[in-house]
Amino acid sequence: MELLAIVGSLRKRSYNLRLAHTVRERFADRFTLQIADIGSLPFFNEDLEESPPEAVEQFRGQIARADGVFIITPEYNWSVPGVLKNAIDWASRGSRPLIGKPVMVMGVSNGVVGTLRSQLHMREILASAGVRAAVLPPAGNEVLIRTGGDKFDGEKGLLADEDTLAFIDRKVGSFLGFIEDAAVPSGLK
């Protein structure tokens, strides 16, 4: 199984990027995980829509080839980071590779409510007409990692908090089941 992570922070030591690396390492026996380079995408410009830059085409291709997508978002000013919104805007045009694509939203922050507001906004964006992703239902599947600074290993940079890791294992397992269910034709379920 091939999955893609779209991380909404460009910071090299971002907790959200470190979460993506943790998931990739922990589940290496179950899937491969690529991390999209959304920092290379230009600002969305409708004038470029007919002939998008190569970085946009590569990004759309990564989404199209993936069996599922993790959107791992920090929260900036109570919402989605601009770089992440820009990436989703590019994916909502042209081939629209997120339509029907299984997606799981996760996030880490230093605050006490995790990335709740950002994830709520992201879910609204993912339901929009040009995106229409198949988002893992939030009931019982929210991954809102709070006080992130206390939960990562300083040396390796990966998530180290055992309770949080056990929680991630369960939720990613739910997402893998969601992907597998989405792959089975409805007449065979």
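Bear in mind that the values in this text are calculations on the coordinates, not laboratory data. Keep in mind that this is a model prediction, so the values were computed, not measured. Using ideal geometry, Cβ is built from the backbone for each residue, glycine included, and neighbour counts are taken over all protein chains shown.
For the chain, what does the helix formula give at 222 nm: sum of -39500 (n - 2.57) over DSSP H segments with n ≥ 4, over the residue count, nearest 500 deg cm²/dmol?
On the way: 5 runs with 67 residues, N = 189.
Mean residue ellipticity at 222 nm (helix-derived): -11500 deg cm²/dmol.
With both partners inside segment 2-188, how many of the DSSP beta bridges are antiparallel, as a percent to the nearest 5?
Numbers: 2 of 20 bridges.
So the antiparallel bridges amount to about 10 percent of the total.
For the pair Phe43 and Leu10 in one chain, pulling the backbone fully straight at 0.36 nm per residue adds 10.4 nm over the alpha carbon distance.
Amide H contacts of Val105 (H built 1.01 Å from N, in plane; Pro and chain starts excluded): Ile71, Leu136 sit under 5 Å, all sequence-distant by 5 or more or on other chains. Note on the chain: lysine pairs with Cα distance below 23 Å, sequence gap of 8 or more or different chains, count 9. Based on C-alpha pairs under 8 angstrom that are at least 6 apart in sequence, segment 101-159 has a relative contact order of 46 percent.
Amide H contacts under 5 Å for Gly68: Leu4, restricted to partners 5 or more places along the chain or on a different chain, H placed in the peptide plane at 1.01 Å from N.
If you wrap the Cα atoms of segment 2-188 in a convex hull and average its projected area over all directions, you get 11.0 nm².
Of the trypsin sites (Lys or Arg not before Pro) found in segment 1-65, those that fall in a DSSP loop while having at most 16 other beta-carbon atoms within 10 Å are Arg11, Lys12, Arg13, Arg30.
Per residue, the average separation of C-alpha pairs within less than 8 Å and at least 6 apart gives the chain a relative contact order of 22 percent.
Span-like helix criteria (full DSSP H runs; alpha carbon extent of at least 24 Å along the helix axis; mean Kyte-Doolittle hydropathy of at least 1.0) are satisfied in the chain by no helix.
Under a model in which nothing but the beta-carbon of Lys, Arg (+1) and Asp, Glu (-1) is charged, the chain shows a dipole of about 240 debye around its Cα centre.
Using 1/(1 + (r/R0)^6) with R0 = 22 angstrom and r between the beta carbons of Asp163 and Leu120, what's the FRET efficiency to the nearest 0.05?
Values: r = 24 Å, r/R0 = 1.10.
Computed FRET efficiency for Asp163 and Leu120: 0.35.
Per-residue 3J(HN,Hα) values for segment 130-140, derived from phi via the Karplus relation 6.51 cos²θ - 1.76 cosθ + 1.60 with θ = phi - 60°, read x, 10, 6, 6, 8, 7, 3, x, x, 4, x Hz in sequence order (x marks Gly and Pro).
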